[in-house]
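Written below as structure tokens is the structure these notes are about.
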Amino acid sequence: MSTAAASTQARPLTSEEREAFRVVRLVAFQQMPYYAAGLFSLIPVAVPGYGTWAVDRWWRLYLDPELLVGESAWTVREAGGVLCHELNHLLRVHAERALALPQPYRHDVWNLAADAEINDDLLDAGVELPEGVVTPAALGCADHGLAEDYYEHLINDQDNPDDPDDTASAEDEEPGCGSGAGLAPVPGELPPSHAVDGQNGVDEATGGLIRRQIAEAVRESAGTGRGTVPAGLQRWADGVLTPPKVPWHRVLRSLTRQAVVEAAGRVQFTYTRPSRRQSPGLILPSMRGPKVRVAIVLDTSASMTSADLLAGMSEIRGVLKSTGISGDRLTLLTCDAANGTPQRISRVENAVLTGGGGTDMRVGIAAADALRPPPHVTIVVSDGDTPWPDRPPRSKLVCVIVGNEHAATRTPGFALTATVPSGAGS
């Protein structure tokens, strides 16, 4: 694409340009009909001399009119492909994803990576694009990857001191795809509240609704078998339509560590070892923090599988090990409703799945409370289908609910609660 710098500020399209844009948008719709909600939400703005097309965060399309009408214009099908390309920067939230890169990030490198993530899917769908567009293969990468992986690959290559082609950023020389792609704003980019031909920009909430509408259309089109829906685009739609999952391992680690740190912070005064700070005529006590003891109560009823137990235990043991808790300061107990005397075991792999009747984790919690010396933290791993104690135990209670998100809402308010998907340990 052209490397010319923008010579004027953004302006509305002329009547000729507006008519040409309508034709291009219709062609884009014919190529990818499931993009309709997005294509008709873009607000075109002319930026003469910019050398390419770009988007901002408010779904405004900045286009160089020379590429829309005139001798140097793209073909209608190529322009329709570029329109789908720019829309994809907004659908794939490249601006937000760029903020998660190691800062400061290279705008020019991110532009290449984001373009490559888009273009292989468009080409798979049979969309025409101008000659020389960036693809993963051109970057030395496999198709259908993520822009973040392409970015890392490019950065690693350019950081090679033996590479003679390693140069400084070319942001100022090449026009980018705009702030909507996570790049520098187009020269003369309009403020968020500015209306173009009576149209205000698309706000974040509305943009989210448009993405979801397009994702549903993509899934429906893929399900009917009409047309060509690239596999990468189907994965994108699935990601939009699938409810975001809480990273359970991170939550569990955080709660376990929180309980241990809280227990460790319960310092006591002791005269066994006097304080180094002395006052005339006084013997001052020193402060001593407890060596935290942890009891882990495992639900071994019929509804719990070995994979479920391992799912919770693998993360818990990793946290406890990192905080220095092991050996005689860690006790494992197994429990179900039929087993009134919980087993004490040294390894979770040795737990016996008794499978008796139902589940009553109050038995296990009470048994943990009765240990001598008592634990500071009691961690219960269960499917949650159990009665819970009405009063808090002496130790801090952490409830790890496996494969039963609804049961997590029934744990007592004095406990810390995390949920783990069933079979996550398999």
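The values are calculated or read from the model by the stated rules, or taken from the named source; none is laboratory data. Computed from a predicted structure; not experimentally measured. Cβ sites come from the backbone with ideal geometry, for glycine too, and all protein chains shown count toward neighbours.
Mind checking whether some residue in the stretch 335-343 is at pLDDT below 85, in contact with a helix residue (DSSP H, G or I) (Cβ under 6 Å, 6 or more places away or on another chain), surrounded by 13 or more Cβ atoms within 10 Å (Cβ to Cβ) and part of a loop (DSSP other than H, G, I, E, B)?
Taking every residue of the stretch 335-343 in turn, at least one turns out to be at pLDDT below 85, in contact with a helix residue (DSSP H, G or I) (Cβ under 6 Å, 6 or more places away or on another chain), surrounded by 13 or more Cβ atoms within 10 Å (Cβ to Cβ) and part of a loop (DSSP other than H, G, I, E, B).
State all residues of the stretch 120-142 that are surrounded by 15 or more Cβ atoms within 10 Å (Cβ to Cβ) and in a helix (DSSP H, G or I); if no residue qualifies, say none.
Those that are surrounded by 15 or more Cβ atoms within 10 Å (Cβ to Cβ) and in a helix (DSSP H, G or I): 120, 121, 122, 123, 124, 139.
If residue 45 satisfies every condition in (1) in contact with a Leu (Cβ under 6 Å, 6 or more places away or on another chain); (2) part of a strand (DSSP E or B); (3) of a type outside the set (D, E, K, R) but one, which is the exception?
Checking residue 45 against (1) in contact with a Leu (Cβ under 6 Å, 6 or more places away or on another chain); (2) part of a strand (DSSP E or B); (3) of a type outside the set (D, E, K, R), the one that fails is (1).
If I filter the stretch 366-387 for residues that are at pLDDT 90 or above, within 17 Å of residue 335 (Cβ to Cβ), in the same structural domain as residue 313 (by TED's automatic domain parsing) and among the acidic types (Asp, Glu), do I get at least one hit?
Yes: one or more hits.
What number of residues in the stretch 70-104 are within 19 Å of the chain's Cα centre (by Cα) and outside any helix (DSSP H, G or I)?
Counting residues in the stretch 70-104 that are within 19 Å of the chain's Cα centre (by Cα) and outside any helix (DSSP H, G or I) gives 7.
Say whether the condition of being in a helix (DSSP H, G or I) and surrounded by fewer than 19 Cβ atoms within 10 Å (Cβ to Cβ) is met by at least one residue in the stretch 49-65.
Within the stretch 49-65, not a single residue is in a helix (DSSP H, G or I) and surrounded by fewer than 19 Cβ atoms within 10 Å (Cβ to Cβ).
Would you mind stating whether residue 139 is under 30 Å from residue 73 (Cβ atoms), touching a Cys at 6+ places or on another chain (Cβ under 7 Å) and modelled with pLDDT of 90 or more?
No: the conditions fail for residue 139.
Can you find, within the stretch 59-112, the residue that is farthest from residue 235 (Cα to Cα) among those that are modelled with pLDDT of 95 or more and aromatic (Phe, Trp, Tyr)?
In this case the residue turns out to be 74.
Could you check how many residues of the stretch 365-409 are farther than 16 Å from residue 313 by Cα and either assigned to a loop (DSSP other than H, G, I, E, B) or touching a strand residue (DSSP E or B) at 6+ places or on another chain (Cβ under 9 Å) (or both)?
Here the count works out to 28.
Kindly evaluate residue 16 against the criterion of being closer than 30 Å to residue 220 by Cβ, at pLDDT 95 or above and not aliphatic (A, V, I, L, M).
So residue 16 fails the test.
Among the residues of the stretch 88-111, write down those that are within 20 Å of residue 74 (Cβ to Cβ) and surrounded by fewer than 24 Cβ atoms within 10 Å (Cβ to Cβ).
None; the set is empty.
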